[in-house]
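The values are calculated or read from the model by the stated rules, or taken from the named source; none is laboratory data. Note that the coordinates shown come from a computational prediction; the quantities given were computed from them, not determined experimentally. FYI the Cβ positions are ideal-geometry reconstructions off the backbone, even for glycines, and counts take in every protein chain you see. Quick note on the areas: whole protein, heavy atoms, side chains included, nothing else; ligands and nucleic acids left out. Shrake-Rupley method; radii C 1.70, N 1.55, O 1.52, S 1.80 Å.
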Amino acid sequence: MLRAALMAAPLESSALDSILALQLMIAWAAEVRTHHLSQLRAFADLDGLDADAQQLEQDLAQPRPWLAVATMTAAAGRLKEAYVEVRRTLLGELGRQAEAASARVSAREGFARLAPDDAHRVLRPLQEAVTTTSADAVHPTLVEVRDAEERANQLLDELLSQDQHQQSV
């Protein structure tokens, strides 16, 4: 009954703005949990951010999460900052290593026999991991960025296997 009365009562514009702001903060915190926190957990340990991760999870699980919006957004902010720093560091390392990784993959036996399009396809994961993302992006994931050289080697193995199969037929 109280809910119906509240729904029927006209709300001031500032009250509606406050409600919308709370909804946006909660949605942002949920997005940090879904994308940033999950990737941090999959990529490495949380390096002292366990309390923030737990706080964010608990606050979002509450039946009335808007009551904890201050602690929720603070924890989400620290987690996102940590994510951006991990990603920035990873991209910096990968940028320095991408050329060496390309050289290693290119030097593998059988790479020289690939058609130019296939050679480009094999090296694409390394190039894309460095050039198609930024420190605050959520795609490709941290694990995908880290594993770009492995994906390039897998593609090369697949192409060489297909080539051997075609030659034997």
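Structure values in brief
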| item | result |
| --- | --- |
| Filter result for residue 99 (at pLDDT below 85 and farther than 20 Å from residue 40 by Cα) | yes |
| Residue that is most open to solvent (accessible area, probe 1.4 Å), among those in segment 131-145 that are part of a helix (DSSP H, G or I) and out of contact with any Phe, Trp or Tyr (no Cβ under 7 Å at 6 or more places or on another chain) | 131 |
| Cβ-Cβ under 6 Å pairs, at least 6 apart or on other chains, segment 131-145 side under 12 Å from residue 36 (Cβ atoms), far side at pLDDT 80 or above and surrounded by 12 or more Cβ atoms within 10 Å (Cβ to Cβ) | 135/84; 135/87; 135/88; 136/84; 138/35; 141/39; 142/39; 142/43 |
| Residue tally, condition without any contact (Cβ under 8 Å) to a residue 12 or more places away in the chain, under 19 Å from residue 57 (Cβ atoms) and among the small types (Gly, Ala, Ser), over segment 14-35 | 1 |
| Flag for residue 70 being hydrophobic (A, V, I, L, M, F, W, C), modelled with pLDDT of 90 or more, under 17 Å from residue 37 (Cα atoms) and open to solvent by 20 Å² or more (accessible area, probe 1.4 Å) | no |
| Single residue of segment 105-130 satisfying the filter (in contact (Cβ under 8 Å) with a residue 24 or more places away in the chain and farther than 16 Å from residue 149 by Cα) that is surrounded by the fewest Cβ atoms within 10 Å (Cβ to Cβ) | 113 |
